[in-house]
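Q: Pasting in a structure now, in structure tokens, and then I'll have a few things to ask.
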Amino acid sequence: MHQHERHQLIVERARSQSRVEVAALADELDVTPETIRRDLTVLERHGLVRRVHGGAIAVEKLAFEPTTQMRSEQRTAEKSAIAQQARELIPESGSILLDAGTSTLALAHLLPAGGELTVVTNSLSVAQALSSREDVALYLLGGRVRAKTLAAVGAWSVDALRDIHVDTAFIGTNGLTVDEGLTTPDPSEAAVKRAMIAVAQRVVVLADHTKIGVAHFSRFGTLSDIDTVVTDSGLDPETAADFSALGPEVVRA
């Protein structure tokens, strides 16, 4: 059994039984207690369980979708590192697409000056950050604006995307797993993200390590749909290798 399969089983056990024990898991999975302890350490770092004496208890995911303001106040150091790393993937000229999200917003603030760059976005926050840049040709997608994410979604956004092609799309995600791929809570946001992936020559996903191993309601892509995952050093090397084996380059900032 691969590590990510153990992790999934451990989280499922913790959520169904409220608590899991190291010794019982080691016996069931035919691994050493030390292996289970390492697994629990990784899962705790991802916010999926909380370690207790002899085992762990489940940490239920938020029952609501956090707002942009709430997310902007979380893991700022990791998002800054991700944005700095992703900046190296921005072409000097050409076209890019910036999805709505706090990591993509951090990247927007780092766009190199003096180039000839076309930027397409569905994010009001990204558009505001770039609106005064005379060296950027900025296109804002229309549609219904979701108050929680300040993202334009719906048929208007998807239809507009069908008529363009961009060199690189920088996509945010709420969850990323080997089995479920890229997921987000809202189907309308998922539809726009799916359309963004379809019109890009290269797809770069920006996701801090807490998004890894988490699956949400709406899937908008698989690992084979993306070229690069830029994350932070909180992602363990084994999980990074599991993702890379399925196609995308994984960059740990």
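The values are calculated or read from the model by the stated rules, or taken from the named source; none is laboratory data. Just so you know, these numbers come straight off a predicted model, no measurement behind them. Cβ: placed from backbone, ideal geometry, glycine included. Neighbour counts: every protein chain shown. Heavy atoms of the whole protein, side chains included, go into the accessibility calculation; ligands, DNA and RNA do not. Shrake-Rupley method; radii C 1.70, N 1.55, O 1.52, S 1.80 Å.
Q: Using only the alpha-carbon atoms, what does the range 131-253 span along each of its principal axes? Please give whole angstrom values in decreasing order.
A: 40, 34, 23
Q: If I stretch the segment between K148 and E5 completely, what's the gain in nm (0.36 nm per residue apart, minus their alpha carbon distance), one decimal?
A: Net length gain for the segment: 48.2 nm.
Q: Work out how far the C-alpha atoms of the range 95-149 reach from end to end along every principal axis, then list the three figures in whole Å, largest first.
A: 33, 20, 18
Q: Would you calculate the volume per residue, in Å³, of the smallest convex hull containing every Cα atom of the chain? Don't skip to the end; give the middle numbers.
A: Details: hull volume 28.7 nm³, N = 253.
Expressed per residue, the convex hull around the Cα atoms of the chain is 113 Å³.
Q: Just the number, please: percent antiparallel of the DSSP beta bridges in the range 174-253, rounded to the nearest 5.
A: Taking every DSSP beta bridge within the range 174-253, about 45 percent pair in antiparallel fashion.
Q: Also, quick follow-up: Once you have the Kirkwood Rh of the range 192-253 from its Cα pairs, apply Stokes-Einstein at 25 °C and 0.890 mPa s and quote D in µm²/s.
A: Stokes-Einstein gives a translational diffusion coefficient of 202 µm²/s.
Q: Which shape class, rounded, prolate or oblate, goes with the range 119-169 when its Cα gyration tensor gives a ≥ b ≥ c as root eigenvalues, a/c under 1.5 marks rounded, and past that a/b bigger than b/c marks prolate? Before the final figure, lay out each step's value.
A: On the way: a/c = 2.31, a/b = 1.15, b/c = 2.01.
Here the range 119-169 falls in the oblate category.
Q: Still on this structure, I have one more. Go ahead and set up a Gaussian network model of the chain, Cα springs under 10 Å, then flag whichever of Q201, Q84, Q17 fluctuates most.
A: Q17
Q: Highest mean first, what order results for 238-250, 173-185 on Cβ atoms within 10 Å?
A: Output ranking for 238-250, 173-185: 173-185, 238-250.
Q: May I pose another question? Please figure out what share of the DSSP beta bridges in the chain is antiparallel and state it in percent, rounded to the nearest 5.
A: Given both bridge residues lie in the chain, the antiparallel proportion sits at roughly 40 percent.
Q: In square nanometres and to one decimal, what's the mean projected area of the convex hull around the Cα atoms of the range 72-165?
A: 6.1 nm²
Q: Ok, one more. Compare the peptides 220-231, 19-30 by average per-residue count of other Cβ atoms within 10 angstrom and give them in order, highest first.
A: 220-231, 19-30
Q: Which angle from 0 to 90°, rounded to the nearest 10, does the C-alpha axis of helix 33-45 make with the longest principal axis of the chain?
A: Helix 33-45 and the main axis of the chain meet at about 30 degrees.
Q: Grab the Cα-Cα distance for L110 and D135, subtract it from 0.36 nm times how many residues apart they are, and report the gain in nm with one decimal.
A: Net length gain for the segment: 7.7 nm.
Q: Could you put K79, K211, K148 in order of accessible surface area, largest first, with the 1.4 Å probe and the full protein assembly present?
A: K148, K211, K79
Q: Looking only at S218, S103, S93, which one moves most when the chain is put into a Gaussian network model with springs between Cα atoms under 10 Å?
A: Maximum fluctuation in the GNM of the chain, among the listed residues, is at S93.
Q: Shifting gears a bit: In whole Å, how far is the Cα centre of the range 8-49 from that of the range 75-140?
A: The two parts, judged by their Cα centres, are 39 Å apart.
Q: So if I average 1/r over every pair of distinct C-alpha atoms in the range 1-41 and take the inverse, what Kirkwood radius in Å does that give?
A: Averaging 1/r across every pair of different Cα atoms and inverting gives 10.0 Å.
Q: Let me ask another. Relative to the first principal axis of the alpha-carbon coordinates of the chain, what is the inclination of helix 187-198, with its axis defined by its Cα atoms, in degrees from 0 to 90 and to the nearest 10?
A: Approximately 70 degrees, to the nearest 10.
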